[in-house]
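Data block below; observations after.
The values are calculated or read from the model by the stated rules, or taken from the named source; none is laboratory data. Quantities reported herein were computed from a predicted structural model and do not represent experimental measurements. As a convention, Cβ positions derive from the backbone with ideal geometry for all residues, glycine included, and neighbour counts pool all protein chains shown. All accessible areas refer to the heavy atoms of the entire protein, side chains included, with ligands and DNA or RNA removed. Shrake-Rupley method; radii C 1.70, N 1.55, O 1.52, S 1.80 Å.
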Amino acid sequence: METNNIELITRMVLEAMDKNATSGNGFLVPVGVSARHIHLTQEHVEALFGPGYQLTKKKELMGGQFASNETVTIVGLKLRAIENVRILGPVRKASQVEISATDAIKLGIKAPIRESGNIAGSAPIAIVGPKGALYLKEGCIIAMRHIHMSPADAKAAGVHDGDIVSVKSDNERGTVFNHVKIRVDESFTLEMHIDTDEANACKIATGSTVTIIK
């Protein structure tokens, strides 16, 4: 086949893919169901696991993050607790606990729905590790549903960092998610993150796909 014909066919395929991504059919996004987890400062890691302790890597995640081998127990009001809550690394500037609404009810706390990192005025929580315990006056949230994207994915979807979109699941529950935050970074892999409550209610699992609708 001549070079010109190959270039023409390639261009047509790419244009067709772009039209499908931005057409009324929407932009397809894989789902990752996010279980309860914790982000800690190095100071708090050492308070829970001992002086000089470093988190150890269990599994690589997007954006340079990783699931660590370390887990802790979180304790709410009236000493209600949830065990084996995984810590995500690397360490952060502020500690943060992300739970579901069902977890909040079990713990007896009022955790607000927030974007990760926005913990001012959020719910208090206690954390217990093998070598110690600590109390956070604020830091426990229910994570706002969001979509991670690379700049190329964002361009293809016609969205920008910080946009709020709606997302549709076409399975048997026929769910539409509103108030979904777009987060764009070179290190991100395309994926929508919802918590276990949202996933179970809508019969969605990690690896399912949803569509951004406009």
>> Residue under question is I119, and the condition is that it be out of contact with any helix residue (DSSP H, G or I) (no Cβ under 6 Å at 6 or more places or on another chain), open to solvent by less than 60 Å² (accessible area, probe 1.4 Å), hydrophobic (A, V, I, L, M, F, W, C) and free of Cβ contacts under 8 Å to residues at least 40 places away in the same chain; does it hold?
In response: yes
> Hey, any hits in region 46-64 for a residue that's part of a strand (DSSP E or B), within 15 Å of A133 (Cβ to Cβ) and among the charged types (D, E, K, R)?
Replying inline: no
> Within the set of pairs 6 or more residues apart or between chains, which connect a residue that is of a type in the set (S, T, Y) and surrounded by 14 or more Cβ atoms within 10 Å (Cβ to Cβ) inside region 94-113 to a residue that is in a helix (DSSP H, G or I) and at pLDDT 95 or above with Cβ atoms less than 7 Å apart?
Replying inline: S95/H44; S100/T196; S100/D197; T102/D197
> Restricting attention to region 71-90, which residues are open to solvent by 30 Å² or more (accessible area, probe 1.4 Å) and either under 14 Å from L107 (Cβ atoms) or part of a strand (DSSP E or B) (or both)?
Replying inline: T71, T73, L77, K78, L79, R80, A81, E83, N84, R86
> Which residues, counting only those in region 79-133, are at pLDDT below 95 and hydrophobic (A, V, I, L, M, F, W, C)?
Replying inline: L79
> Of the residues in region 50-70, how many are over 23 Å from I141 (Cβ atoms) and either buried (at least 19 other Cβ atoms within 10 Å of the Cβ) or in contact with a Cys (Cβ under 9 Å, 6 or more places away or on another chain) (or both)?
Replying inline: 0
> Could you list, in sequence order, the residues of region 174-214 that are among the β-branched types (V, I, T) and touching a Phe, Trp or Tyr at 6+ places or on another chain (Cβ under 8 Å)?
Replying inline: I194, V210, T211, I212
> For region 105-120, does any single residue satisfy the condition of being among the hydroxyl-bearing types (S, T, Y) and under 11 Å from R36 (Cβ atoms)?
Replying inline: no
